[in-house]
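The values are calculated or read from the model by the stated rules, or taken from the named source; none is laboratory data. It should be emphasised that the depicted structure is a prediction, and the values quoted were computed from it without experimental measurement. Here the Cβ positions follow ideal geometry from the backbone for every residue, glycine too, while neighbour counts run over all protein chains shown.
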Amino acid sequence: MSRIVDQPESYFSRLVRRDDPLLRELEHEAQIEKIPIVGPVVGELLFILSVTMRAQAILELGTATGYSAICLARACAVNAGRLTTLEIDPGFAARARKNLERAGLAPHATVIGGEALPRMSEMKGPFDLIFMDIDKIDYARALGDCHRLLRPSGLLVADNVAFPDADEFNRAVFSDTGWQPVSLFAFLPGHSPERDGLCLALRR
Ligand SMILES: C[S@@+](CC[C@H](N)C(=O)[O-])C[C@H]1O[C@@H](n2cnc3c(N)ncnc32)[C@H](O)[C@@H]1O
């Protein structure tokens, strides 16, 4: 019978890269101010997915202070692409712009203030990847525009799908033949919260 390591949470908490001073600073700030950010594991995952799929146009819904935006915009810098990120809170949008500038990523990222759903409905695609991280209750309503804005075989990544408010989204994405979804429930060190689900859905 196969066995996993003892105390997998502490084991895997040690297997996390923590060598980026700006991201560490934003993690520290997020902890103090209780800002729910994706943290180092999902941040790295977003970077790796975006680089491997050579994403040149990325849309993020929910910027906060720009932690995940920095990870996505770094991939855009590798791919000669551009991130557009939408944030309802003007204070957060201003902080994110400053942090992206500090990271040297201003040429690869645009922070747009305002409510994501109407902004999306005015947008034209195609995007290669959309990262969804707004209020979970809005995920299901954003799904139609995500499908319209993603190119065929583009990728939707939805965070926090273990939240009860994401249930309508989970049921919708799994019952719509326009998507090929997979849900991962995982221990994610530094993520808010650390035990949570991510949905990766291929746009058909
Ligand atoms: C979970 S935080 C985003 C964290 C960020 N993605 C990260 O990991 O660094 C969610 C953010 O989405 C914003 N937000 C929530 N609902 C929104 C909506 N309908 N439109 C735009 N922004 C929204 C909130 O103000 C908050 O800053």
Search result, residues across the stretch 63-89 that are near the ligand (Cβ under 10 Å from one of its atoms) and either among the charged types (D, E, K, R) or more than 19 Å from GLU27 (Cβ to Cβ) (or both) | LEU86, GLU87, ILE88, ASP89
Can GLU60 be described as within 16 Å of the ligand (Cβ to nearest atom), modelled with pLDDT of 95 or more and not polar (S, T, N, Q)?
-> yes
What is the residue count in the stretch 41-56 for residues that are touching a Ser or Thr at 6+ places or on another chain (Cβ under 8 Å) and either part of a loop (DSSP other than H, G, I, E, B) or closer than 14 Å to ASP128 by Cβ (or both)?
-> 1
All positions within the stretch 140-157 that are in a strand (DSSP E or B), buried (at least 21 other Cβ atoms within 10 Å of the Cβ) and of a type in the set (A, V, I, L, M, F, W, C) = LEU150, LEU156, VAL157
Take SER10 and decide whether it is surrounded by fewer than 18 Cβ atoms within 10 Å (Cβ to Cβ), at pLDDT below 95 and under 23 Å from PHE187 (Cα atoms).
-> no
